[in-house]
1. I need every pair where a residue in the range 129-143 that is under 16 Å from ARG169 (Cβ atoms) has its Cβ under 9 Å from the Cβ of a residue that is open to solvent by 10 Å² or more (accessible area, probe 1.4 Å) and among the polar types (S, T, N, Q), sequence separation at least 6 or different chains.
2. Only one of (1) surrounded by fewer than 18 Cβ atoms within 10 Å (Cβ to Cβ); (2) at pLDDT below 85; (3) under 22 Å from the mean Cα position of the chain (by Cα); (4) among the aliphatic types (A, V, I, L, M) fails for ILE2. Which number is that?
3. Are any residues in the range 95-143 in contact with a strand residue (DSSP E or B) (Cβ under 7 Å, 6 or more places away or on another chain) and within 30 Å of SER78 (Cβ to Cβ), and if so, which ones?
4. Got a sec? Which of ASP135, ASP117, ASP112 is under 24 Å from the mean Cα position of the chain (by Cα) and open to solvent by less than 30 Å² (accessible area, probe 1.4 Å)?
5. Out of the residues in the range 133-173 that are part of a loop (DSSP other than H, G, I, E, B) and polar (S, T, N, Q), which is farthest from LYS25 (Cα to Cα)?
6. Need pairs with beta-carbon distance below 7 Å; first residue free of Cβ contacts under 8 Å to residues at least 40 places away in the same chain and within the range 99-128, second in a helix (DSSP H, G or I); sequence gap 6+ or separate chains.
Amino acid sequence: MIRFLLCVLIFACTAVPAGAANLVKTYSYFTIRGHNLDDIQNELSRRGPKVNTTGLRHPGATRMAFTTRIGYADQGKSCRIASAVVTVKVHVILPRWHPRGHADKDVRIFWDTLAADIKRHEERHVEIAKQHGSDLEKALLAIGTQDTCKEAAAKAKEITARALAAHDRAQADFDRVEGINFEDRILRLLRYRMERIENGRLPG
């Protein structure tokens, strides 16, 4: 789940190499304990990363920052954006459960299913951010020639603000849909995992 968004604009007077949006990804983990489903739920609520937008703790989080580096070509009577590079830095926070060995098999299966879904959810947030970073980069490069570099910079700032607002909406929409479908999705995933265990495709 997306927790906060930071945008840094670096307006350079010299050109920098253009390219696709860059992604820098790191991970960290928090440990939860317990032997049953109630313990797991309580630990996630108590130890999960806190979300600034809601003030609540969640079972996982993705924190991200967009950095935009723009190079301008001053042509005397006009100015164009010669290059634009967007870097998306994301930090994914995921839970680890300990100890597993003292829990019943059904609890371990539930945890494996839940943990995989949490990771999938956060990785999708990363994909959304990467796509919007690429879209922003393309939009900046498409600005075209302006009368002055100041005007080009103002246009870039405006486009960046719109792109990041669209990104926030996309992330919120994803969270909303995922929240609505959570129970049905987990039950479906549990059934699928149980079938694979019974067929010997996964360890029990």
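The values are calculated or read from the model by the stated rules, or taken from the named source; none is laboratory data. All of these numbers come straight from a predicted model, not from anything done at the bench. Because the Cβ atoms are built from the backbone with ideal geometry, glycine has one as well, and the counts that use them run over all protein chains shown. Just so you know, the surface numbers come from the protein's heavy atoms only, side chains and all, with ligands and any DNA or RNA stripped out. Shrake-Rupley method; radii C 1.70, N 1.55, O 1.52, S 1.80 Å.
1. GLY133/ASN22; GLY133/THR87
2. (1)
3. Scanning the range 95-143 gives GLY133, LEU136, GLU137, LEU140, LEU141, ILE143.
4. Answer to the selection: ASP117.
5. Among those residues, the one meeting the criterion is THR148.
6. Pairs that qualify, where the first residue is free of Cβ contacts under 8 Å to residues at least 40 places away in the same chain and the partner is in a helix (DSSP H, G or I), are ARG100/ARG108.
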